[in-house]
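Trainee: My questions will all concern the structure given below.
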Amino acid sequence: MKVAILGANGTMGAGAAGVFAGAGFEVTMLARERDKAEAGMKAAQNAARAEAVADRIKLGSYDDLERAVREAGFVFESLAEDLALKRHFFEQVDRFRTPSAIIATGSSGLSIAEMSKGRSDSFRKHFLGVHLFNPPHVIVGTEVIPGAETDAAMLKSVIAMLTHRLGRKVIVTKDRPAFVGNRVGFKVLNEVAQLAAEHGVAYMDYLVGPQTGRAMAPLATVDLVGWDVHKAIVDNVHQNCEDEAHRCFALPEFMEKGIGEGRLGDKTPERGGFYRKAGKETLVLDPKTGSHAPLKRPAPIEFVEKMKSLNHVGRYREAMAVLREARGADADLCQRVVLGYVSYALNRVGEVAASAADVDSIMSNGFNWAPPTAIVDLIGARETIALLNNLKLAVPPVLEHAARDGAKMFSGGLLEYGRAFVG
Amino acid sequence: MANPAPIYILGGAQTDFARNWSKEGKHFVAMMREAVLGGLAATKIDPKEVETAHVGNFAAELYAKQGHVGAFFVEIDPAFSGLPTSRHEAACASGSIAIIAASAEIEAGRYDLACVTGVEQMKTVDSTTGGDYLGTAAWYEREAKGIEFPFPKLFGRLGDEYDKRYGLKDEHLAHISAVNYSNAKRNPNAQTRNWFMSEAHAQQQSKFNTVIGGRIKISDCSQVTDGSVAVFLASEKFAAAWAKRNGIQLSDIPRILGWGHHTAPLEFDAKVAESKDNAYVLPHTRAAIIDAFKRAGIAGVEQLSGIETHDCFTTSEYMAIDHFGLTQPGESWKAVEGGVIELGGKCPINPSGGLIGAGHPVGATGVRQMLDCHRQITATAGEYQVEDAKKFAMLNIGGSGTTSCVFVIGK
């Protein structure tokens, strides 16, 4: 099957091209100019660490759109997150595609229904979201989002292709803003950014750092993602979702201001983000002043250090017990974020995710975060509920059921969640 | 040839070989803990039932500045406090030596249930330092000291020796690499499962596929891997009771049907000098294979459903092909060209992806090979299952063909 990629110069477009070509598909990478598509191809070669990944790649500009789309069995759209732009291209794809060609959007949160509005019946039947995470050659978590009219058999075949040929870990989500992964993930990231305004950047990243079940500290993650991308995601949810954590999606003032000044995180090294490199030195942002100062390691907090040393030797249950039993202002804040994650994630079951296992899968395989149910199992379901009640956080129905039945929630074991708890 | 009391393999578990435990900020005991507790869960064995523990590890003293690795088994679970434990080292064959030691104890009737754990944490150092540490698996002073990446060079010379005696085309080595990478894509624990590889890439020398030593390019090499694997070995007495409580027959449990263990001179030159009039380039490896076949009561490789071999480099798999008897000596290329070694072929080699595809945590590799043979015989290998697998063999090598350990596993 031939694959045509629109927006193949972007990070995700180039990444997707590498993944499809690496799996043996013939790929045409399209961008505004052929040179830009070529730059995307070079990025795909660097990611694959092999020139030969391009043996199956052809390049073109949008002048070649008609030919590429006519030949394609699968069109992957990875244009900028701009509804009007996407619609403009889909109108052309609709005109040129063969009746069996599948069209997938890589959008990380725009409405599938909105994107396919006005397109032909055949287009809408063959249209779906395939949300890859960055960088796709490393992160295999993938969300598939059918529209209301997406053909069920085609959906099944796309999931099988993604799973078996592309090595993806797929979940199916509802067509809701930011889907599951980004909805849950950016709730936490933005909440930590909000808290950083008051408590400081280095302190927050230390307090809810990798020891709490994530590969990377939250604010360092936002820098990696890019402040502009972060804003697009949280604004989308804030404007289009009313839920129990609505206020957590309000972009902090200092970030709004920073973005206005061109501070976008790692991609703007001279302006930085929460962090900035100055030679070998790492500087950290003071959200109050908007300027960077040399990073000083926050004063060690006893329960944090205990968690780290327990994770270091693989004692994850004991580490979570330390968090559960910790008291004081630091502990309250840490519990609020970590248990807030568990609460919000598991409360999405039924609303946007089909099951707790799906939420686990995307948070683990898409974000490299501890699956929320693994945290519940480590803390204990009843103990988790007690903590949620103390923190005045919602108790998700799936958690109530587990506590009632005394059942373990996470489907896997230590070997599946261990990597998320960093020492 | 003595054929002692049977050794049953009850199963086990491994860590995901793609993980980087230094990045996770962890000590190797965390790795052992996940493998052993995962193995206990998979086999439904209570920690209190384990009577003896053997740990295979190559060089924790170097990679983690920690000796006494066997004692770390006790740290895994309070029930292990007081257990007899030991650590075994024979370079890349450390895991197999741990298996042989555990088997010997069970054969002698000392214990009924042994846990064999292999562990290596290698990503604690940069690749040049790691390459130097691996040099201690050769005669360091004579073959590795002051040489960058000594092992690829030694195994490059194994290819050169084949070339000299029989002729060797690098395209056959490239195919071996591509098959291992392709198999690894089916293995959810393989280090390279999401990596790109194609035969064209493996053939090309390029900025991403540079020569590491002699005829060995990056694509010919196994990986630097953090990993731990645990398997549980049992006497007939324990296995019978375990079968009963799990509702299966004793005859359903895979056994070690035969083993072979030979050690050749350490230096590669000495090996080659010794074998100059022999059809087999590494006759002691051949002898270990023949011993295992004899002890298993099988006539030859035709009776195997597949092999997990030690492809530390493509040349070592090339060597394994004729040494196992899949072709006449020097004709391994015929099996490569004929598709014999591929999944679906007559005798698939490394359905797991092997050391090249699945990864090579040195001291854990032999244990991983045994776990993979167990998966094949119990039809639990998932997407890399060899259809109707009855008997599997594994070859685990330490050094430049120095210590060779072979096991035949089946029911």
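Trainee: So how tilted is helix A:227-240 from the main axis of chain A? Cα-based, degrees 0 to 90, rounded to 10.
Mentor: 90
Trainee: Roughly how many whole Å is it from the C-alpha centroid of the stretch A:76-132 to that of the stretch A:1-70?
Mentor: 18
Trainee: Below 8 Å, C-alpha to C-alpha, sequence gap of six or more: please give me the relative contact order for chain B in percent.
Mentor: The value is 25 percent.
Trainee: Follow-up question, since we're still on this one. Quick check: pseudo-label points 7 Å beyond the Cα along Cα→Cβ at residue B:346 and residue B:334, how many nm apart are they?
Mentor: Label-label distance for residue B:346 and residue B:334, simple model: 0.8 nm.
Trainee: Treating only the Cβ atoms of Lys and Arg (+1) and Asp and Glu (-1) as charged, compute the dipole magnitude of the stretch A:2-172 about its Cα centre; round to the nearest 20 debye.
Mentor: 320
Trainee: Same structure again: Calculate how many DSSP beta bridges within chain B are antiparallel, expressed in % of all such bridges and rounded to the nearest 5.
Mentor: 70
Trainee: Within the protein assembly as shown, what percent of beta bridges assigned by DSSP are antiparallel, to the nearest 5?
Mentor: 55
Trainee: Relative to the longest principal axis of chain A, what angle (0 to 90°, nearest 10) does the C-alpha long axis of helix A:356-367 take?
Mentor: 80
Trainee: Another question about this same structure. Would you mind calculating the relative contact order of the stretch A:1-71 from Cα pairs under 8 angstrom and at least 6 residues apart, reporting the percent as a whole number?
Mentor: 35 percent.
Trainee: How big is the gap, in Å, between the Cα center of the stretch B:195-239 and the Cα center of the stretch A:377-414?
Mentor: Their Cα centres are 41 Å away from one another.
Trainee: So which of A:58/A:117; B:26/B:65; A:169/B:23 end up more than 19 Å apart by C-alpha?
Mentor: Over 19 Å Cα-Cα: A:58/A:117; A:169/B:23.
Trainee: In addition: From the residues B:188, B:100, A:152, which one has its Cα farthest along the dipole of the protein assembly as shown in the positive direction, the dipole being from +1 and -1 charges on Cβ of Lys/Arg and Asp/Glu about the Cα centre?
Mentor: A:152
Trainee: Okay, moving on. How far is it, in nm, from the label point at residue A:121 to the one at residue A:46 when both lie 7 Å from their Cα along the line to the Cβ?
Mentor: Reported label-point gap for residue A:121 and residue A:46 is 4.8 nm.
Trainee: About its Cα centre, how strong a charge dipole does the stretch A:181-420 have in debye, to the nearest 20, once Lys and Arg get +1 and Asp and Glu get -1 at the Cβ?
Mentor: 540
Trainee: Same structure, new question: I'd like the distance between the alpha-carbon centres of the stretch B:1-78 and the stretch A:195-264, rounded to an integer number of Å.
Mentor: Comparing the Cα centres of the stretch B:1-78 and the stretch A:195-264, I get a distance of 40 Å.
Trainee: Got a sec? Which residues in the stretch A:52-70 would a label at residue A:33 touch, if it sits 7 Å along Cα→Cβ and we count backbone N under 13 Å?
Mentor: Those under the cut-off are A:61-62.
Trainee: On average, how much area does the Cα convex hull of the stretch A:325-423 cover when viewed from any direction, in nm²?
Mentor: That works out to 6.3 nm², a quarter of the Cα hull's surface.
Trainee: With labels modelled as points extended 7 Å from the Cα through the Cβ direction, what inter-label distance (nm, one decimal) is found for residue B:169 paired with residue A:286?
Mentor: 7.0
Trainee: Please list the three semi-axes, largest first and in whole Å, of the ellipsoid equivalent to the protein assembly as shown, using sqrt of 5 times the eigenvalues of its alpha carbon gyration tensor.
Mentor: 46, 33, 26
Trainee: Same structure again: Evaluate the charge dipole of chain B about its Cα centre and quote only its size in Debye, nearest 20, assuming +1 on the Cβ of each Lys and Arg and -1 on the Cβ of each Asp and Glu.
Mentor: Rounded to the nearest 20 debye, it is 440 debye.
Trainee: Additional query: Which percentage, to the nearest 5, of the DSSP beta bridges contained in the stretch A:2-172 is antiparallel?
Mentor: 15
Trainee: Whole number please: convex hull volume per residue, Cα atoms of the stretch B:78-223, in Å³.
Mentor: Measuring per residue, one finds 192 Å³ for the Cα hull of the stretch B:78-223.
Trainee: Using a Gaussian network for chain A with springs between C-alpha atoms less than 10 Å apart, which of these wobbles most: A:182, A:311, A:46?
Mentor: In the Gaussian network model the winner is A:46.
Trainee: Can I ask one more? Scale the Cα Rg of the stretch B:94-155 by the rule-of-thumb value 2.2 N^0.38 Å and send over the ratio, two decimals.
Mentor: The stretch B:94-155 yields a ratio of 1.57.
Trainee: Using all C-alpha to C-alpha distances in the stretch A:181-420, build P(r) with 5 Å bins and read off the rounded percent in each one.
Mentor: Histogram of Cα-Cα distances, whole percents per bin: 1, 7, 14, 18, 20, 16, 12, 7, 3, 1, 0, 0.
Trainee: Another question about this same structure. Using a 10 Å cut-off around each Cβ, can you sort A:247, A:315 from fewest to most neighbouring Cβ atoms?
Mentor: Listed from fewest to most nearby Cβ atoms, that is A:247, A:315.
Trainee: What do the square roots of 5 times the Cα gyration tensor eigenvalues come to for chain B, in whole Å, largest first, as semi-axes of the equivalent ellipsoid?
Mentor: 31, 24, 20
Trainee: Could you give the alpha-carbon Rg of chain A over 2.2 N^0.38 Å, rounded to two decimals?
Mentor: 1.00
Trainee: Sequence gap at least 6, Cα distance under 8 Å: using those rules, report the relative contact order of chain A to the nearest whole percent.
Mentor: About 13 percent, as a whole number.
Trainee: Using only the alpha carbons of the stretch B:149-194, what is the convex hull's orientation-averaged projected area in square nanometres?
Mentor: Computed as one quarter of the Cα hull surface, the answer is 4.1 nm².
Trainee: How long are the semi-axes of the equivalent ellipsoid of the stretch A:2-172, taking √(5λ) for every eigenvalue λ of the Cα gyration tensor, in whole Å from largest down?
Mentor: Its equivalent ellipsoid spans semi-axes of 22, 18, 14 Å.
Trainee: Still on this structure: Please list, or write none, the lysines whose alpha carbon is within less than 22 Å of the alpha carbon of residue B:271, excluding same-chain residues fewer than 8 places away.
Mentor: B:145, B:153, B:164
Trainee: By a straight-distance test (C-alpha under 16 Å), which aspartates and glutamates pair with residue B:276 as possible cross-link partners, with residues fewer than eight away in the same chain excluded?
Mentor: By straight Cα distance, residue B:276 reaches B:160, B:161, B:163, B:267.
Trainee: With viscosity set to 1.567 mPa s at 4 °C, what whole-number translational diffusion coefficient in µm²/s follows for the stretch B:286-411 from Stokes-Einstein and a Kirkwood radius over Cα pairs?
Mentor: Answer from the Stokes-Einstein relation: 91 µm²/s.
Here, each number is a calculation from the coordinates, and none is a lab measurement. Quick caveat: nothing in here was measured; it's all calculated off a predicted structure. Here the Cβ is made from the backbone with ideal geometry for all residues, glycine too, and neighbour counts use every protein chain on show.
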